[in-house]
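Working notes for the structure below.
Every read-out reported here was derived from the displayed coordinates using simple, explicitly stated rules and does not represent laboratory data. None of these values were measured; they are calculated from a predicted model. Note that each Cβ is placed from the backbone with ideal geometry, even for glycine, and that neighbours are counted across all protein chains shown.
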Amino acid sequence: AALLAAAPAPPPARHFFSDPAEVEALRGNLLAWYDRCKRDLPWRALAVMEPDADRRGYAVWVSEIMLQQTQVATVIDYYNRWMQKWPTLQALAQASLEEVNELWAGLGYYSRGKRLQEAARKVVSELAGRMPRTAEDLQKLLPGVGRYTAGAIASISYGQATGVVDGNVIRVLCRLRCIGADSSSPAVIDQLWDMANVLVDKSRPGDFNQALMELGATVCVPKAPLCGECPVKQHCQAWHRVEKELAFTSQKLFGNPPKVPDVEDCGVGDCPLCPPATEPWDSSLGVTNFPRKAAKKPPRAMRTATCVLERRGCHGAPEYLIVQRPSSGLLAGLWEFPSLPLAQDLQKEREREELADHLQAWMGRPVAAKGLRFIGEVIHIFSHIHQTYVVYSLPLDGDVTLDPALSPSRWVTENEFHASAVSTAMKKV
């Protein structure tokens, strides 16, 4: 008994959906809004129109991988080109990584495309081309498919009644239930998954999950949410709190001093889902008090010297040398101008000398530092790296033979460069 008494009290009901009537009403309101307002997106059309279950699962899968880390508006064009080029798992399984990288160029996070293609090969070679039909099997059998992507494919393509939690869903649920603990912590994420699984509509799971994400993407947005247009605001604890405060303020204005508004936090000390005591509710933020995130680490600064080697091609048009990056790590397998990471605090002249030494070792012939012409600097922000490219150019007479053991290289025209698997940063260069 003593042991039982020591267990922490469960978080109070205000953080959960414990009333079946409320869950029913929330589902109905959200789905009616979705039917009325949903965006017309190519993968949604395929999920509804495609009779073949494997093609349907594949179509949703491609969209979900592209939509990780990338805005819908950017994805649409890439998605249409991808599905035109590789309409089936079988077609993708036969593609080369080079082709995949070329189509992916500009979408960022290139390992996504690589893993998608590896997983397609696995479905064709080990699963006889048949997509797994449940979230559990999708996650277990497909490399690169995590809990969220598995739930999305299973609910949208196969009607499995399973919830999903992505960034949009985290924001919506934290506001609906005033969850102010760090929303990236494993304990809170687990609670949100439980909640998503309670809420998901059993007869229309795919539409419900898309509706919840659509609400977060278009109405319950991070900075200036459109609470007036929200179909589920009556179920939103954060909205109710804002309304109570407004009512209290206006009553005070008209001189009937009301009782202090009844908007205290959930009333349980040390509640694991409430905001920490050091960060109480801020009235100026309204519903955007939620969700709380842990402070992000600032991106680390890096400098890289990059050299555009140029020669006259056989038709007189300039050609540029590009080399392939290693097959793992940042921008794996992509092509770039010859580049060298630099120490942060080098003098300009020293940077130029290091680059000349690097090129010399690599081309096997002398390169004079003063022959490198400084062009300018290009800044590119990766999610975790603030990268500065220090750009030089070096015109060459005749050919250069590079040691293929160091890294694959090729000469390209400007048009060929843009059609190659090169990163957005290199296009800026």
- Query: Taking the inverse of the average 1/r across all pairs of different Cα atoms in the range 1-131, what Kirkwood radius in Å do you get?
  - Reply: 17.9 Å
- Query: Where q = 0.11, 0.17, 0.18, 0.19 Å⁻¹, what log10 of I(q)/I(0) comes from the Debye formula for the range 78-188, counting one point per Cα?
  - Reply: -0.45, -0.93, -1.00, -1.06
- Query: Could you work out Rg/(2.2 N^0.38 Å) for the chain, with Rg from alpha carbons only?
  - Reply: 1.24
- Task: Distance between Cα centroids, the range 274-351 to the range 185-238: provide it in whole Å.
- Result: 33 Å
- Log10 I(q)/I(0) at q = 0.13, 0.17, 0.20, 0.23 Å⁻¹ for the range 300-428, from Debye over equal alpha-carbon scatterers, is -0.53, -0.94, -1.32, -1.68
- Given all pairs of distinct Cα atoms, the range 53-107 yields a Kirkwood Rh in Å of 11.5 Å
- Note on the structure: Per residue convex hull volume, Cα only, the range 145-258, in Å³ is 120 Å³
- Query: Taking the inverse of the average 1/r across all pairs of different Cα atoms in the range 13-229, what Kirkwood radius in Å do you get?
  - Reply: 18.0 Å
- In percent, what relative contact order does the chain have, based on Cα pairs under 8 Å that are 6 or more apart in sequence? 15 percent
- Message: Using Cα-Cα distances under 8 Å and only pairs 6 or more residues apart, what relative contact order does the range 13-229 have, in percent?
- Response: 22 percent
- Item | Mean Cβ neighbour count within 10 Å, used as a protection proxy, ranking 421-428, 209-216, 272-279 highest first | 209-216, 421-428, 272-279
- Note on the structure: Sequence order, the range 143-159: Karplus ³J(HN,Hα) from phi using 6.51 cos²θ - 1.76 cosθ + 1.60, θ = phi - 60°, Hz rounded, Gly and Pro as x, gives x, x, 9, x, 4, 5, 4, 4, x, 5, 4, 5, 7, 6, 8, 10, x
- Task: Please tell me the relative contact order of the range 300-428 in percent, rounded to the nearest whole number, where contacts are Cα pairs under 8 Å and at least six residues apart.
- Result: 37 percent
- Gaussian network model of the chain, Cα within-10 Å springs - most flexible of GLN139, GLN237, GLN360: GLN360
- Task: For n ≥ 4 DSSP H runs only, could you compute -39500 (n - 2.57) per run for the chain, divide by its residues and tell me the 222 nm figure to the nearest 500?
- Result: -13500 deg cm²/dmol
- Built amide H within the under 5 Å cut-off of VAL308, gap 5+: TYR392, SER393, LEU394
- Extent along principal axes [Cα atoms of the range 328-398; Å; largest to smallest]: 38, 28, 18
- Message: Which entries of LYS202/LYS233; LYS223/LYS297; LYS114/LYS427; LYS85/LYS297; LYS348/LYS428 have Cα-Cα distances beyond 31 Å here?
- Response: LYS85/LYS297
